[in-house]
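Below you'll find the structure, written out as structure tokens, and then a few comments.
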Amino acid sequence: MAVPPPSADAPILLVGSSGGHLAQLVALRSWYRDRPRHWVTFDTPDARSLLADEAVTWAYHPTTRNLGNLLRNLRLAARFLRRQEVAAVVTTGAGVALPFVALARLRRVPTIYIEVYDRVDTPTLTARLCRPFLSAMLVQWEEQQRLYPRSTVVGHLL
């Protein structure tokens, strides 16, 4: 059965932890400026400031080694994706990304991961966990391609 394309008003879902992950997603502004979008991040002062006029769903944190918050975010992702049509999921990580990427891909929604700029020698845990669910893996350095075969270099976001 073919999956119909999303409607023109379906938002891009931008998912990322607050701090540097969020800053790298915000740096894509020229790409998403004229598109409907929705954000998923942590309720922190920097996120509130950066996303003051945006549609945001606040995720549970911390996510590092916190099984309870992983499960809460999995439930949050399931509810969100069941209620809201999404054109694509774009993420820079970290832990909050996995539930949204995995469930979106199972729903045949395109999923794009942009590896963070400061991990050149070793892959991030979130990228390794999300990789099986990705439609596209993007990296910011040519050196990162040896960590992620078949990735696409997009250059520096910051």
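Please treat every number below as a calculation from the coordinates, not as lab data. All figures in this text were calculated on a predicted structure; none of them were measured in a lab. As a convention, Cβ positions derive from the backbone with ideal geometry for all residues, glycine included, and neighbour counts pool all protein chains shown.
State the Cα centre-to-centre distance between region 83-99 and region 1-69 in whole Å.
Each part reduced to its Cα centre gives a spacing of 7 Å.
Report the relative contact order of the chain, percent, no decimals, based on alpha-carbon pairs under 8 angstrom and at least 6 residues apart.
About 21 percent, as a whole number.
Per residue and in cubic angstrom, what volume does the convex hull of the Cα atoms of region 11-123 have?
103
Any idea how far apart Leu106 and Val120 come out in nm if each label point goes 7 Å out from Cα toward Cβ?
3.8
For every helix of n ≥ 4 consecutive DSSP H residues, a contribution of -39,500 (n - 2.57) applies; sum these over the chain, divide by its total residues, and give [θ] at 222 nm rounded to the nearest 500 deg cm²/dmol.
-8500 deg cm²/dmol, from helical runs alone.
If the chain between Ala78 and Ala52 were fully stretched, how many nm would it gain, using 0.36 nm times the residue separation less the Cα-Cα distance?
Between Ala78 and Ala52, full extension yields an extra 6.9 nm.
I need the calculated FRET efficiency for the pair Arg33 and Arg131, taking r as the beta carbon distance and R₀ as 41 Å, to the nearest 0.05.
E between Arg33 and Arg131, to the nearest 0.05, is 0.90.
Enumerate the amide H contacts of Val56 below 5 Å, restricted to partners 5 or more residues apart or on another chain; note that Pro and chain-start residues carry no placed amide H.
Residues meeting the criterion, in which the H sits 1.01 Å from N, are Trp39.
If amide hydrogens are placed 1.01 Å from N in the peptide plane, which non-local residues have theirs closer than 5 Å to the one on Phe42?
Correct list: Ser18, Ala59.
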